[in-house]
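Below is one structure; the comments refer to it alone.
No value in this document is a laboratory result; all are computed from the given coordinates. None of the values given here were measured: they were computed from a predicted structure. Methodologically, a virtual Cβ is constructed for each residue, glycine included, from the backbone with ideal geometry; neighbour enumeration extends over all protein chains shown.
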Amino acid sequence: MQHKRVVMPVLNEGVRLMVLAAFFFALMGACAKVLSGLMPPVEVVFFRNLVGVVLIGLSVWKTPINNRGGKPWLLLFRGTIGFLALLAFFYNIAHISLANAMIFSYTSPIFTALLAAWFLKESIGSRGWMAIGIGFVGIVLVIQPSGWALGKTDILGIFSGLGAGLAYTSVRELKRYYDTRAIVLSFMLIGTVGPLVLMAIGEVFGMGSFDFALGIFVMPSGMAWVYIAGMGGFATLAQTFMTRAYGGTRAGIVAAASYSNILFSLLLGILLGDAFPNLLGMFGIILVIFGGILVAKEKA
């Protein structure tokens, strides 16, 4: 009696890279959440990028970057919009659950798919659009908004998703001209200098209602340095894997695979003391993950 050989489907390389990036992003978020209780969000952003600059800088020193170049303004745009989205994201990490902060930021796949279709002329097919739609419904169920009024974290959350979508879409084009490390390094350099300027403004004028962007520097001590090192290291790994993923596969497909971050963030958030989602929220999380898997499976 002959047995049929079972052939397991091989995931697209870009999808595998994004799942790895999602895991490291979740670990970064966990470190950031702990640090947010010790310092303002803008300072967390500063240290998150400073460690990355050092790590990428050492890599460049060992193996110089070889770029074709030619898109400096797009490179600057990617770094700036990514930094602003990161500010909004880290503010949410400090004020709501880790999973919900991640879910807000993961509206970015929806924006990425739309932007990639508009600017890069990419198409992911009707099934792919349906899957992203399922993911969006899941996000709404997790957030469970009441009425049409949006709070501060809601507005910043939506901006973090839109900003990330713009940044990710630009990566697809930048990969034609720049080495992965150059793209990551430009983002992290802006994300290091920017917070210094914003904290200087906060020192002079105070924060007021701009506490999501401004802050007063607090010198870290003790275990804070361990979390800073972990956050920077995880962020650098995540950025590198994410950039490679978007550079080698259609932006909409990779964006859907990034939904796996939500599951990682949910588990880590619970370990850090976040409340377990209610039944409706859990159903929403399942829909979000299911939508991402549908697209990844279709395009693998």
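Label sites at Val204 and Val60, each approximated as a point 7 angstrom past Cα along Cα to Cβ, lie 2.8 nm apart. The Cα center of segment 193-237 and the Cα center of segment 23-56 differ in position by 9 Å.
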